[in-house]
1. Based on the mean of other Cβ atoms within 10 Å per residue, sort peptides 397-410, 84-97, 438-451 so the most packed one is first.
2. In square nanometres, what is the average projected area of the Cα convex hull of the range 279-349?
3. Can you spot the aspartates and glutamates whose alpha carbon is less than 14 Å from K92's alpha carbon? Ignore those fewer than 8 places along the same chain.
4. Between H406 and E65, what FRET efficiency follows from the Cβ-Cβ distance if R0 is 35 Å, with the result rounded to 0.05?
5. Which of the lysines could a cross-linker bridge to K368, judged by Cα under 18 Å and excluding same-chain residues fewer than eight apart?
6. Please compute one quarter of the surface area of the Cα convex hull for the range 1-104 and express it in square nanometres.
7. Take every DSSP beta bridge with both residues inside the chain and express the antiparallel ones as a percent of the total, to the nearest 5.
8. How far apart, in nm, are the 7 Å Cα→Cβ label points at V150 and T261?
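Every read-out reported here was derived from the displayed coordinates using simple, explicitly stated rules and does not represent laboratory data. For clarity, every value in this text was computed on a predicted model and none was experimentally measured. Note that we place each Cβ from the backbone using ideal geometry, even for glycine, and neighbour counts take in every protein chain shown.
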Amino acid sequence: RTPDVECKLVVLGSGPGGYTAAFRAADLGVDTVLVERYASLGGVCLNVGCIPSKALLHAAAVIDEAEAMAAHGVSFGAPKLDLDKLRGFKEKVVGQLTGGLAGMAKARKVRTVQGTGTFVSPNELEVQTNDGVKLIRFENAIIAAGSQSVKLGMFPWDDERILDSTRALEMKDVPKKLLVVGGGIIGLEMATVYAALGSEVTVVEFMDQIIPGADADLIKPLAKRLGSRLKGIHLKTKVVSAKATKKGIEVGYEGESIPETTLFDRVLVSVGRSPNGGKIGAEKAGVAVTDRGFINVDTQMRTNVPHIFAIGDLVGQPMLAHKATHEAHVAAEVVAGLKSHFDARVIPSVAFTNPEIAWVGVTEREAKEKGLKIGVGKFPWAASGRAIGIDRTEGFTKLIFDEETHRIVGGGIVGVNAGDLISELALAIEMGSEAADIALTIHPHPTLGESVGMAAEIYEGTITDLY
Ligand code: FAD
């Protein structure tokens, strides 16, 4: 069959992985086609993930700060919600970014094809478009088809009151009573938004800690603050049944901390994301997919089929946009003939809750499990002039060092803007910095960033008393 489109590279999926790969490849002179099933480019992150959630979290943070200032002599009165306008703000933010991508694709002469793509051979992709099926013949492919939220079967998903993160971000209304199933990053970010807007939010988490990937000490300040804003956080507990009734969603629990409330107006199920590797006809191209739907790759992002690459959420954890974009550069550069490898030492994680939690590299728990000899420098924000000045002293900055070399191997920050502050730790780890390098770097005063230098000084013993 004659192909409708021929190209050197086809990229399947236009999320942070896909659009970055397509743009990088085009910049390197590779004739590239980008396939996306939705009209809007940008994938989960821009359309229904990172970006809209942060726009809504901004609104939540403003409400929280305005409330907190009342105790210090500046009162604004109760917030008045215009939900249409708030939604409009979120949509404008998303539109600005996704529209920008369309322009960037055009400027680079990346051809975009809208439709659902399925491999039909190792060099052909069939795309179901609005104008029928199009066959793309390619020399190389980069699979960036991402992931989707896990939909536990016990919930009646055809009922609109059962939300996944996409539905929760649509924000059709502010429910009176919201149950969040799963106390991971996405669940807690949405809990933060809805609680600030006025919902009574209950969180149920199966593990013994919210945000299970982070060290327990980082969680404490967040758990404490959420404790006063949410109806409850129930650990070691799971939802075992959910029934749609006229009055609401009636749930049943099992576990050590059963919530009082069993009837909710909305239930947000945020129990993880599953990769889309099994839904793209990979087997027709000879690409191996694991039982769970992941595609294994080497450090050049190559699958078991040498001219087909895979990046982003569907190649494994952590499922984060900044991991996808870095993998995208590698895959695109290899297709263009460069000798690139993915060799990042660490990938930071951030929960954009209030306070934020961010961590990178080795955690204390991991070090313990692996028997690594580490030392910790911890700076409590109660001793930070800036944190005192913004009345947010609950945070701290923790640096984790290899006890032998004094090189930084990890760290965590909890507090306002922790997500921005963590970059310095990631850079220090990539640069192989020793504690003295960080301690002797002059940080501007008064900033929260100073806490990084101070934590290194505490580890070095050059500060023994906090002043
Ligand atoms: P995706 O973004 O999932 O994109 C895949 C694209 O492929 C989609 O557009 C999909 O439509 C398309 N596609 C799939 N199959 C086909 C097919 N057969 N044919 C055509 N097109 C197809 N990460 C962060 O780093 N920071 C955050 O703050 C953050 N917040 C998040 C908040 C929420 C609510 C959610 C859900 C996720 C969040 N994430 C965050 C995770 C982040 O969104 C993902 O890690 C990221 O989007 C992965 O990028 P990707 O390119 O692998 O795939």
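1. Working: 397-410: 21.9, 84-97: 14.5, 438-451: 16.8.
Highest to lowest by the protection proxy: 397-410, 438-451, 84-97.
2. On the way: hull surface 19.5 nm².
Average of the hull's projected areas for the range 279-349 equals 4.9 nm².
3. D84, E170
4. Values: r = 38 Å, r/R0 = 1.10.
For H406 and E65, the calculated efficiency is 0.35.
5. Correct list for K368: K378, K398.
6. Numbers: hull surface 36.9 nm².
Result: a mean projected hull area of 9.2 nm².
7. 60
8. With each label point 7 Å from Cα toward Cβ, the separation is 2.4 nm.
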